[in-house]
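A.B. asks: Sharing a structure here in structure tokens format.
The values are calculated or read from the model by the stated rules, or taken from the named source; none is laboratory data. Because the structure is a prediction, the values reported are computed rather than measured. Glycine also receives a Cβ, built like all others from the backbone with ideal geometry; neighbour counts cover every protein chain displayed. Note: areas computed on protein heavy atoms with side chains; ligands, DNA, RNA excluded. Shrake-Rupley method; radii C 1.70, N 1.55, O 1.52, S 1.80 Å.
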Amino acid sequence: MDNSVTVLILAAGLGTRMKSKHAKVLHRAGGRSLVEHAVGAALEAAPAGRIFVVTGYQAERVEALLQPLGVRFVRQEEPKGTGHAVAVCREQVDRRDGLVVVFYGDCPLITGATLRRLVEHQRGSSAALTLISTRLADPTGYGRILRGANGSVEAIVEQKAGTPEQLAIQEVNPGFYCFRAESLWEHIGELDNNNPAGEYYLTDMVRILRAAGDRVESIFHEDALELMGINTRVELALADRLLRERTARRLMLEGVTIEKPETVTIDAQVRIGPDTVIEPFVRILGNTVIGEECRIGSAAILEDCTLEDRVEVAPFTVLNGSHLEREVRVGPFARLRMGCHLGQDARVGNFVEMKKTRFGAGSKAMHLAYLGDATIGAGVNIGAGTITCNYDGVAKHSTQIADGAFVGSNSTLVAPLEIGAGSYIGAGSVITKSVPEDALAVGRGRQVNKEGWAKRRREKRARKD
Ligand code: UD1
Ligand code: CA
């Protein structure tokens with residue numbers, strides 16, 4: 001990776017227009033925070049150790065989030081503007097040569113390819129700065145690019161400072177710069193805050209470099225949406241949609257069938273194997289990994305799950321943090337949470353909830369059950385309405401059910417409990433003591449039939465009337 005490129009990502013602002021108590025760059029689109037997307041693109045253009053993220057507002061939260069990516073941080077104690085944010089980097093950045101890419105942490109759609117194109121242009125040029133420009137039908141809010149008579153870039157004027165003629169210009173500054181390091185660090189101290197916002201504008205560097213006799217070049221980028229900066233929740237929703245379209249498209253090109261892709265929500269990091277079918281309105285979130293030839297039914301929600309090959313998830317099923325081995329079938333209307341593990345070919349049907357439960361190969365719980373803190377072997381049958389009573393009001397207790405056991409319908413299993421291999425539990429039992437291997441356990445009131453009782457009662461009532 002290119003060691004001569006330093007990247008500065010500005011992420012110290014509050015983001016007033018989001019109307020939020022959370023820093024703008026922490027808001028999420030496409031399953032990741034805005035600043036994680038920005039860093040992701042930067043990592044395709046420079047090594048992690050050459051990427052500096054400028055933090056300020058909620059710096060601890062932003063830094064904690066990005067720490068695992070190996071990037072470095074510079075604190076901007078007061079948000080005095082984008083130019084000030086770069087100026088505070090001067091002392092901390094340990095190289096004064098090469099190239100310095102600067103862009104904003106609120107641009108989640110930018111790709112590594114576009115950053116590399118910017119770098120390559122500046123590398124082959126004698127200019128002090130190359131910036132990306134684009135055209136917008138509605139340029140409101142963006143800095144406008146002012147060009148001289150010969151077409152060269154002369155200055156950028158901010159929305160708040162522009163004259164009506166300048167504000168009519170549709171060529172805008174989306175905020176991606178590649179400086180020759182020497183020129184940037186030599187002149188960054190010349191910025192001032194004599195403007196309507198009282199901020200140090202990074203965009204004034206264009207005017208300053210031109211005044212020093214340097215050249216500024218631009219490369220035009222057609223796809224303005226890729227360069228979009230997020231300032232409001234309306235733009236956040238648009239970015240979210242575009243990022244999800246990108247993910248769905250990538251997966252489809254990798255061999256995943258997605259029915260009505262505009263209705264599904266799939267986070268950026270999700271991986272799915274070929275010939276898997278995703279039905280409409282599915283949500284697949286977090287670090288979910290899905291194998292080949294699976295089917296995910298309509299309106300299912302999967303978060304941080306691993307599904308091996310040929311798993312079928314029927315509609316309206318909710319799965320969190322669980323692992324499903326090959327050929328497992330779950331749902332419709334099933335819920336697995338907190339580290340469940342289902343063995344090969346296991347089946348879990350409608351209105352079954354499992355929590356922290358291991359469920360062995362080929363075992364079945366087809367209807368209406370709650371299995372919590374349980375370890376269940378292979379080939380076990382859990383009858384409809386079975387409940388593990390895992391909580392006594394103070395502590396949680398576990399239930400062990402060994403291979404081949406048959407738990408009759410509507411059984412109440414009061415934990416802690418061990419149910420032996422091959423044993424049989426009569427329907428409707430309340431089981432409070434462990435059951436030995438191969439035994440029958442029945443724990444319910446014995447049935448009594450009173451001959452003629454109902455008929456006598458009817459006759460008695462009839463006499464009263
Ligand atoms: C900026 C540009 C504008 C451009 C637009 C593109 C300037 C002066 N203007 O305006 O020309 O068209 O982006 O999206 O640069 N930040 C800091 N410290 C600060 C201020 C901001 O780190 O003191 C960070 C923010 O966290 C944010 C980014 O810089 O991620 C951009 O700031 P923002 O206020 O959104 O700039 P714009 O007004 O959009
Ligand atoms: Ca912005």
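A.B. asks: I'd like to know how region 5-227 sits against the 2.2 N^0.38 Å rule of thumb: what's its Cα Rg over that expected value? Before the final figure, lay out each step's value.
C.D. replies: On the way: Rg = 16.3 Å, N = 223, 2.2 N^0.38 = 17.2 Å.
Working it through for region 5-227, the quotient is 0.95.
A.B. asks: Shifting gears a bit: From the backbone phi of region 339-350, what are the Karplus-calculated ³J(HN,Hα) couplings (6.51 cos²θ - 1.76 cosθ + 1.60, θ = phi - 60°) in whole Hz, Gly and Pro given as x?
C.D. replies: x, 6, 9, 10, x, 3, 6, 5, 10, 10, x, 5
A.B. asks: Report ³J(HN,Hα) in whole Hz for each residue of region 426-433, in order, from the Karplus equation J = 6.51 cos²θ - 1.76 cosθ + 1.60 where θ = phi - 60°; Gly and Pro get x.
C.D. replies: After applying 6.51 cos²θ - 1.76 cosθ + 1.60, I find x, 4, x, 7, 9, 9, 10, 10 Hz.
A.B. asks: Could you order peptides 141-150, 53-62 by the average number of other Cβ atoms within 10 Å of their residues, highest first? All intermediate terms of the calculation are to be shown ahead of the outcome.
C.D. replies: Working: 141-150: 16.3, 53-62: 20.2.
Going from most to least packed, we get 53-62, 141-150.
A.B. asks: Another question about this same structure. Restricting to the chain, what percent of DSSP beta bridges are antiparallel, rounded to 5? All intermediate terms of the calculation are to be shown ahead of the outcome.
C.D. replies: Values: 19 of 103 bridges.
Of those bridges, close to 20 percent are antiparallel.
A.B. asks: Still on this model: Out of the total accessible area of region 222-268 (probe 1.4 Å, heavy atoms of protein only), what percent is carbon and sulfur? The partial results should precede the final answer.
C.D. replies: Details: 1360 of 2510 Å².
After summing per-atom areas, the C and S share lands at 54 percent.
A.B. asks: Could you tell me which of rounded, prolate or oblate describes the chain, using a ≥ b ≥ c as the square roots of the eigenvalues of the alpha-carbon gyration tensor, with rounded for a/c under 1.5 and, failing that, prolate when a/b is larger than b/c and oblate otherwise?
C.D. replies: Details: a/c = 3.14, a/b = 2.90, b/c = 1.08.
Verdict is prolate for the chain.
A.B. asks: Further question: Under a point-charge model restricted to the Cβ atoms of Lys and Arg (+1) and Asp and Glu (-1), what is the dipole moment magnitude of region 5-227 relative to its Cα centre, in debye to the nearest 20? Don't skip to the end; give the middle numbers.
C.D. replies: Working: 25 positive and 27 negative charges, 85 e Å.
My answer is approximately 400 debye.
A.B. asks: I need the calculated FRET efficiency for the pair E120 and M338, taking r as the beta carbon distance and R₀ as 56 Å, to the nearest 0.05.
C.D. replies: Values: r = 48 Å, r/R0 = 0.86.
Approximately 0.70, to the nearest 0.05.
A.B. asks: Leaving out ligands and nucleic acids, note down the accessible area per residue over the chain with a 1.4 angstrom probe, in whole Å².
C.D. replies: On the way: 21830 Å² over 465 residues.
Ligands and nucleic acids excluded, the result is 47 Å² per residue.
A.B. asks: Run the reach check for K450 against lysines, Cα to Cα strictly under 26 Å, same-chain hits fewer than 8 apart removed. What comes back?
C.D. replies: Those lysines meeting the cut-off are K460, K464.
A.B. asks: Percent relative contact order of the chain, based on C-alpha pairs within less than 8 angstrom and at least six residues apart? Mind dumping the intermediate values first?
C.D. replies: Numbers: 1204 pairs, mean separation 37.5, N = 465.
With pairs under 8 Å counted, the relative contact order is 8 percent.
A.B. asks: Next question, about the same structure. Each residue of region 22-31 in turn: what ³J(HN,Hα) in whole Hz from Karplus with 6.51, -1.76, 1.60 and θ = phi - 60°, glycine and Pro shown as x?
C.D. replies: With coefficients 6.51, -1.76 and 1.60, one gets 9, 3, 3, 5, 8, 5, 9, 9, x, x Hz.
A.B. asks: In degrees from 0 to 90, rounded to the nearest 10, what is the angle of the helix 112-123 Cα long axis to the longest principal axis of the chain?
C.D. replies: Taking Cα atoms only, the helix is inclined about 20 degrees.
A.B. asks: Enter the Cα centre distance for the pair region 408-431 and region 15-63, rounded to the nearest angstrom.
C.D. replies: 52
A.B. asks: On a 0 to 90° scale, report how tilted helix 233-253 is relative to the longest principal axis of the chain, with both axes built from alpha carbons and the result rounded to the nearest 10.
C.D. replies: Value to nearest ten degrees: 70.
A.B. asks: Using label points projected 7 Å from each Cα along Cα→Cβ, tell me how many nm separate R456 and M252, to one decimal.
C.D. replies: Using points 7 Å along Cα→Cβ, the separation is 7.5 nm.
A.B. asks: Right, here's the next one. Give me, ordered by chain and number, the residues 5 or more places off V53 or on other chains with an amide H under 5 Å from its own placed amide H.
C.D. replies: Correct list: I9, R72, F73, V74.
A.B. asks: May I pose another question? Using only C-alpha atoms and all pairs of different ones, pull out the Kirkwood radius for region 157-284 in Å with one decimal.
C.D. replies: 18.6
A.B. asks: Right, next: At 7 Å along Cα-to-Cβ for each site, give me the label-to-label distance between D94 and N287 in nm.
C.D. replies: Calculated label separation equals 2.8 nm.
A.B. asks: Here's another thing I want to ask about it. Which order, highest average first, do 163-171, 94-102 follow once you tally other Cβ atoms within 10 Å for each residue and take the mean per peptide? Each step should come with its number before you reach the end.
C.D. replies: Working: 163-171: 12.1, 94-102: 17.9.
Order by mean packing, descending: 94-102, 163-171.
A.B. asks: Please compare each pair in K19/K80; K24/K160; K260/K396 to a cut-off of 31 Å on the Cα-Cα distance and tell me which ones are over it.
C.D. replies: On the way: K19/K80 19 Å; K24/K160 21 Å; K260/K396 43 Å.
Beyond 31 Å: K260/K396.
A.B. asks: With a 1.4 Å probe and every protein chain kept in, tell me what percent of the accessible surface of region 97-156 is carbon plus sulfur.
C.D. replies: Working: 1150 of 2150 Å².
For region 97-156, the apolar C and S fraction of the accessible surface comes to 53 percent.
A.B. asks: Follow-up question, since we're still on this one. So for each of 379-385, 204-210 I average, over its residues, the number of other beta carbons within 10 Å; can you give me the resulting order with the highest mean first? Don't skip to the end; give the middle numbers.
C.D. replies: Values: 379-385: 20.7, 204-210: 22.6.
Highest-to-lowest ranking by the protection proxy: 204-210, 379-385.
A.B. asks: Sticking with the crude label model, points 7 Å out along Cα→Cβ, report the distance from E259 to D223 in nm, one decimal please.
C.D. replies: Distance between the two pseudo-spin positions: 2.9 nm.
A.B. asks: Work out the FRET efficiency for A212 and Q67 from their Cβ-Cβ distance, taking R0 = 35 Å, and round it to the nearest 0.05. Provide the component values of the computation, followed by the final result.
C.D. replies: Working: r = 38 Å, r/R0 = 1.09.
Computed FRET efficiency for A212 and Q67 comes out at 0.40.
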